[in-house]
1. Hey, which of the helices (runs of 4 or more DSSP H) in region 1-107, taking only ones fully inside, have at least 3 residues that are without any contact (Cβ under 8 Å) to a residue 60 or more places away in the chain?
2. Checking the structure you have, find out if any residue of region 262-271 is more than 23 Å from residue 14 (Cβ to Cβ) and buried (at least 18 other Cβ atoms within 10 Å of the Cβ).
3. Would you call residue 178 touching a residue at least 24 places away in the same chain (Cβ under 8 Å), buried (at least 20 other Cβ atoms within 10 Å of the Cβ) and under 21 Å from residue 352 (Cα atoms)?
4. Mind checking which residues of region 192-225 are out of contact with any strand residue (DSSP E or B) (no Cβ under 6 Å at 6 or more places or on another chain) and not in a loop (DSSP other than H, G, I, E, B)?
5. Is it true that some residue in region 202-209 is modelled with pLDDT of 95 or more and surrounded by 18 or more Cβ atoms within 10 Å (Cβ to Cβ)?
6. Tally the residues that are at positive phi and either in the same structural domain as residue 210 (by TED's automatic domain parsing) or in contact with a helix residue (DSSP H, G or I) (Cβ under 7 Å, 6 or more places away or on another chain) (or both), restricting the search to region 41-63.
7. What residue, among those in region 117-133 that are touching a strand residue (DSSP E or B) at 6+ places or on another chain (Cβ under 6 Å) and surrounded by 21 or more Cβ atoms within 10 Å (Cβ to Cβ), is farthest from residue 356 (Cα to Cα)?
8. Condition (residue is in contact with a strand residue (DSSP E or B) (Cβ under 7 Å, 6 or more places away or on another chain), in contact (Cβ under 8 Å) with a residue 60 or more places away in the chain, in the same structural domain as residue 295 (by TED's automatic domain parsing) and in a helix (DSSP H, G or I)) applied to region 159-169: is it met by at least one residue?
């Protein structure tokens, strides 16, 4: 099973919004016969890849798989059918599938006479697929917040200059994070200030869907920004009913998608509603890249699951220089947003801090 978990990680930049899954087939004598992983969304599942490699050697053998085999017809046939047709005798599963549509594979295999065991290295399997599991269990995407800051926590100078605080290596690592997520989200302030491309430029994920999400309550997004002129069908602009009709028509004519959602009590788009709408696309993992007010909105709502903070060895200072997170903030330390640091690593001349929400 440890090997199956290693294989599953190969799908980090391709499987989502499906889970990362790895599989190992042993023949009847316990020898390695085949292995595989779910590489691309819509492509063959890990079990099928491993069984194809094993061929006839799979008959009477054992399958180790990190997630319960699916038992439904989706983009691919049910994996339970492939397992039965291969003549497997035993299946060992790390983690049960929590989705009602795909689940039920273990019981189907037991009913067909196979020996099925579950729970082997379940904690490791849960951790490996925590982004997907958040979406599958709660109906909202896993939210990763990414920011590049100075040593004193600033994302720009007091004049607004931000390109570039961190070095080339850190910026490349930031682009790698995009390949691991299904969508990127920024606010209209970032679009107006920086005109970001919001693209997957490393091409590590050739098959998965990609959504560029802009929060723009009144549709101030210009028609000549990159998010509108370059592959506009990938862009989704979320707005409220306050957006003028002529602006809607102008952006729809440019080819972007528009989504109207109700405003919260403060007149702004509510992050909970945004996440529910994105989950239905489907978006299982969302990368939030700013700016500070957008970061603050998600932190204030308690919806940040993971943080990647890239820190450069510079001090910017300035009373009005923006910090990474704005929003309401907390009045008392007891109200602070608590996270657990999982990793601190050097990235060129900078440092990357990775943290996850506690609990």
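1. Details: elements: 2-8, 46-54, 79-85.
Passing ranges, in order: 46-54, 79-85.
2. Going through region 262-271, the residues more than 23 Å from residue 14 (Cβ to Cβ) turn out to be 262-271.
Filter once more, keeping what is buried (at least 18 other Cβ atoms within 10 Å of the Cβ): 269, 271.
Yes, because at least one residue in region 262-271 is more than 23 Å from residue 14 (Cβ to Cβ) and buried (at least 18 other Cβ atoms within 10 Å of the Cβ).
3. Details: touching a residue at least 24 places away in the same chain (Cβ under 8 Å): yes; buried (at least 20 other Cβ atoms within 10 Å of the Cβ): yes; under 21 Å from residue 352 (Cα atoms): yes.
Against the criterion (touching a residue at least 24 places away in the same chain (Cβ under 8 Å), buried (at least 20 other Cβ atoms within 10 Å of the Cβ) and under 21 Å from residue 352 (Cα atoms)), residue 178 qualifies.
4. Those that are out of contact with any strand residue (DSSP E or B) (no Cβ under 6 Å at 6 or more places or on another chain) and not in a loop (DSSP other than H, G, I, E, B): 192, 193, 194.
5. At the first step, the residues of region 202-209 found to be modelled with pLDDT of 95 or more are none.
No, region 202-209 has no match at all.
6. 0
7. Going through the qualifying residues, I end up with 125.
8. Restricting attention to region 159-169, the residues satisfying the condition of being in contact with a strand residue (DSSP E or B) (Cβ under 7 Å, 6 or more places away or on another chain) are 165-167, 169.
Narrowing the set further to residues that are in contact (Cβ under 8 Å) with a residue 60 or more places away in the chain leaves 165-167, 169.
Then keep just the ones that are in the same structural domain as residue 295 (by TED's automatic domain parsing); that gives 165-167, 169.
Subset that is in a helix (DSSP H, G or I): 169.
Yes, because at least one residue in region 159-169 is in contact with a strand residue (DSSP E or B) (Cβ under 7 Å, 6 or more places away or on another chain), in contact (Cβ under 8 Å) with a residue 60 or more places away in the chain, in the same structural domain as residue 295 (by TED's automatic domain parsing) and in a helix (DSSP H, G or I).
The values are calculated or read from the model by the stated rules, or taken from the named source; none is laboratory data. Nothing here was measured: the structure is a model prediction, and the numbers come from that model. Quick reminder, even Gly has a Cβ in these numbers, built from the backbone with ideal geometry, and neighbours come from all protein chains shown.
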